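Trainee: Structure incoming, see below.
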Amino acid sequence: MAENDAAPTVKEIPGSYGVPFVSSIRDRLDFYYFQGPDKYFQARVDRYHSTVVRLNVPPGPFMASDPRVIAVLDAKSFPVLFDVSKVEKKNVFTGTYMPSTSLTGGYRVCSYLDPSEPSHAKVKQFLFDVLASRKDAVIPAFRSNFAALFQTMESQLASAGKSDFNKLNDNTSFDFLGEAYFGVRPSSTELGGTGPTKSTKWLFLQLCPLMTLGLPKILEELLLHTFPLPSLIAKSDYKALYKYFSDAAGSALDSVEKLGLSREEACHNLLFATVFNSYGGMKVLLPGILGWLAKADESLHARLAKEIRAAVAGEGGKVTLNAVEKMELTRSVVYEALRIDPPVKYQYGKAKQDLVIESHDAAYQVKKGEMIFGYQPLATRDPKVFDKAEQFIGDRFLGDEGKKLIKYVVWSNGPETETPSVANKQCPGKELVVLVGRLLVVEFFLRYDTFTADVGTILLGSQVTVTSLTKSSSSSTTNL
């Protein structure tokens with residue numbers, strides 16, 4: 001899309017916050033119950049004929065002291081949230097509210113730090129070091145853990161006619177991450193099989209202000225959206241998780257003093273990065289990918305199977321990083337899943353100074369200290385950037401024109417074409433996440449030609465129940 005070279009006229013930002021307290025409560029009800037997030041934001045874009053608009057975001061009173069934001073809801077205005085020279089990212093990871101630090105050992109972990117804070121570079125470098133030291137373990141750990149998942153899935157289909165992928169993925173992903181990052185499956189330690197349940201409880205206490213559970217509205221409003229639930233609920237769970245990380249990551253933690261971190265702070269950060277960022281992400285991303293593939297035409301399944309099996313055969317029947325890098329359609333499918341339904345939907349930043357935000361159609365003045373908010377699904381489904389933006393098109397990112405669109409995939413708190421560093425807020429595990437998404441597709445279509453599934457919605461993602469599998473008829477799929 002060609003942009004006008006002339007500087008647009010700076011306008012007042014349209015929209016309204018309404019009556020203090022009362023309007024934010026009304027808007028919260030619209031967001032959760034009467035409209036839902038997509039319609040909530042789109043309705044205000046339509047009302048004000050602008051993709052930059054003033055509005056209230058949940059959870060509002062009394063959870064958050066100030067629900068007022070400037071929403072950026074298109075692909076052009078959204079990237080201001082990645083520019084840490086313009087926006088401050090201190091304590092805005094979960095938005096207008098911040099969970100108690102008693103849930104993270106009393107520390108403000110890396111996700112809540114602005115890059116200008118001294119601890120940010122130290123902690124993020126530590127996370128980079130852990131990832132780099134274990135890069136060769138990722139593919140073997142994924143293959144061994146997910147091979148067991150697929151065997152269980154086949155057994156469940158044979159006995160019950162269906163298999164809950166989300167439940168299997170929750171348990172498998174937790175073990176995979178422990179083995180990939182530290183060489184120790186959590187299920188083989190004192191945690192046993194309780195890790196996923198303990199982690200989910202801990203995650204829930206932090207994310208419940210942004211959830212609905214289908215309970216009566218008055219109960220949800222009082223229990224989830226008005227006051228924070230006490231961290232004491234997950235205290236013993238967090239203590240058990242911390243012990244696993246302290247033991248399993250011992251060698252990594254032994255080196256943190258050279259970075260100027262205490263072992264305790266590093267361990268709390270490692271737990272958060274692994275459980276909240278990585279595990280929480282896999283709980284949403286992998287069912288999302290499989291759900292979109294279930295809805296896709298069988299011809300896409302056939303193309304994926306052909307590409308994947310040929311690349312693996314070219315490596316002597318082994319799944320290697322070199323083989324995965326050759327699978328362009330597989331990469332495009334994962335990018336498309338990350339585009340159409342990003343696992344992290346909300347981004348925030350507070351203006352560090354007066355600045356101007358440009359949308360496709362206008363420019364708007366933002367004052368220092370104002371909170372800027374982005375609802376990523378509207379930005380990554382921007383019809384001025386993406387043709388048929390509401391459709392899942394698996395090969396969208398193939399070819400020269402497709403590659404030009406990759407920069408608009410921004411799930412990682414930055415463009416897919418850029419690299420995480422200690423100076424920015426882009427996800428340190430960005431490359432790992434995309435690799436894991438591709439490995440799911442690879443392992444699946446090495447085994448199966450096609451499949452069917454029922455796809456629904458739960459909490460923050462998709463619920464996928466596999467109802468049939470057609471095993472691979474190819475004789476070239478070896479070393480499974």
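Trainee: For region 288-336, which positions are of a type in the set (D, E) and in contact (Cβ under 8 Å) with a residue 24 or more places away in the chain?
Mentor: Passing the criteria: E298, E328, E336.
Trainee: To continue, here is another question. Any residue in region 383-403 that is out of contact with any Ser or Thr (no Cβ under 8 Å at 6 or more places or on another chain), in contact (Cβ under 8 Å) with a residue 60 or more places away in the chain and of a type in the set (D, E)?
Mentor: no
Trainee: What residue, among those in region 396-444 that are small (G, A, S) and in a helix (DSSP H, G or I), is most open to solvent (accessible area, probe 1.4 Å)?
Mentor: Once the filter is applied, the top-ranked residue is G399.
Trainee: Please work out if S119 is closer than 30 Å to K258 by Cβ and either in contact with a helix residue (DSSP H, G or I) (Cβ under 9 Å, 6 or more places away or on another chain) or assigned to a loop (DSSP other than H, G, I, E, B) (or both).
Mentor: The answer is yes for S119.
Trainee: Do you know which residues across region 174-214 are within 20 Å of G95 (Cα to Cα) and open to solvent by less than 20 Å² (accessible area, probe 1.4 Å)?
Mentor: W202, L203, L205, Q206, C208, P209, M211
Trainee: In addition: Of the residues that make up region 445-455, is at least one touching a His at 6+ places or on another chain (Cβ under 6 Å) and of a type outside the set (D, E, K, R)?
Mentor: So far as region 445-455 goes, yes, one or more of its residues are touching a His at 6+ places or on another chain (Cβ under 6 Å) and of a type outside the set (D, E, K, R).
Trainee: Within region 86-98, can you find the residues that are open to solvent by less than 20 Å² (accessible area, probe 1.4 Å) and β-branched (V, I, T)?
Mentor: Of everything in region 86-98, those that are open to solvent by less than 20 Å² (accessible area, probe 1.4 Å) and β-branched (V, I, T) turn out to be V87, V92, T94.
For every residue, the table says whether it meets (1) closer than 16 Å to Q365 by Cα; (2) among the acidic types (D, E); (3) open to solvent by 50 Å² or more (accessible area, probe 1.4 Å); (4) at pLDDT 95 or above.
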residue	(1), (2), (3), (4)
A6	no, no, yes, no
D30	no, yes, no, yes
Q35	no, no, yes, yes
R44	no, no, no, yes
H49	no, no, yes, yes
R54	yes, no, no, yes
L73	yes, no, no, yes
V84	no, no, no, yes
S100	no, no, yes, yes
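Trainee: So which of T194, T200, T152 ends up being among the β-branched types (V, I, T) and more than 26 Å from F245 (Cβ to Cβ)?
Mentor: Of the residues listed, the single one that is among the β-branched types (V, I, T) and more than 26 Å from F245 (Cβ to Cβ) is T152.
Trainee: Answer yes if at least one residue in region 242-252 is within 23 Å of T470 (Cα to Cα) and either more than 25 Å from the chain's Cα centre (by Cα) or open to solvent by 10 Å² or more (accessible area, probe 1.4 Å) (or both), and no otherwise.
Mentor: No, region 242-252 contains no residue that is within 23 Å of T470 (Cα to Cα) and either more than 25 Å from the chain's Cα centre (by Cα) or open to solvent by 10 Å² or more (accessible area, probe 1.4 Å) (or both).
Trainee: Here are some residues: L131, L113. Which one is surrounded by 21 or more Cβ atoms within 10 Å (Cβ to Cβ) and under 19 Å from the mean Cα position of the chain (by Cα)?
Mentor: L113
Trainee: Moving to a separate point now. Out of E315, E264, I need the residue that is in a loop (DSSP other than H, G, I, E, B), of a type outside the set (F, W, Y) and open to solvent by 10 Å² or more (accessible area, probe 1.4 Å). Which one?
Mentor: E315
Trainee: Further question: Output the qualifying pairs, or none if there are none: Cβ atoms under 9 angstrom, residues six or more apart or on different chains, first residue in region 356-367 and open to solvent by 60 Å² or more (accessible area, probe 1.4 Å), second residue part of a strand (DSSP E or B) and not β-branched (V, I, T).
Mentor: V356/A363; V356/Y364; V356/Q365; E358/Y364; Q365/K11; Q365/L355; K367/A351; K367/L355
Trainee: Follow-up question, since we're still on this one. Have a look at Q353, Q347 and point out the one that is at pLDDT 95 or above, of a type outside the set (A, V, I, L, M), more than 11 Å from I70 (Cα to Cα) and in a strand (DSSP E or B).
Mentor: Q347
Trainee: Let me ask something else. I'm trying to understand the selection: among the residues of region 356-395, which are farther than 16 Å from R54 by Cβ and of a type in the set (V, I, T)?
Mentor: Listed by number, the residues that qualify are T380, V385, I393.
Trainee: Of (1) crowded, with 19+ Cβ neighbours inside 10 Å; (2) among the hydroxyl-bearing types (S, T, Y); (3) at pLDDT below 95, Y375 satisfies all except one. Which?
Mentor: (3)
Trainee: Being surrounded by fewer than 15 Cβ atoms within 10 Å (Cβ to Cβ) and either assigned to a helix (DSSP H, G or I) or hydrophobic (A, V, I, L, M, F, W, C) (or both) narrows it down to one of A294, A302, so name that one.
Mentor: Answer to the check: A302.
Trainee: Moving to a separate point now. What do you reckon, is P8 part of a loop (DSSP other than H, G, I, E, B) and in contact (Cβ under 8 Å) with a residue 12 or more places away in the chain?
Mentor: Yes.
The values are calculated or read from the model by the stated rules, or taken from the named source; none is laboratory data. Here the structure is a predicted model, which means the values were calculated and not measured. All Cβ positions, even for glycine, are placed from backbone atoms using ideal geometry, and neighbour counts span all protein chains on display. Side chains included, ligands, DNA and RNA excluded: accessible areas come from the protein's heavy atoms. Shrake-Rupley method; radii C 1.70, N 1.55, O 1.52, S 1.80 Å.
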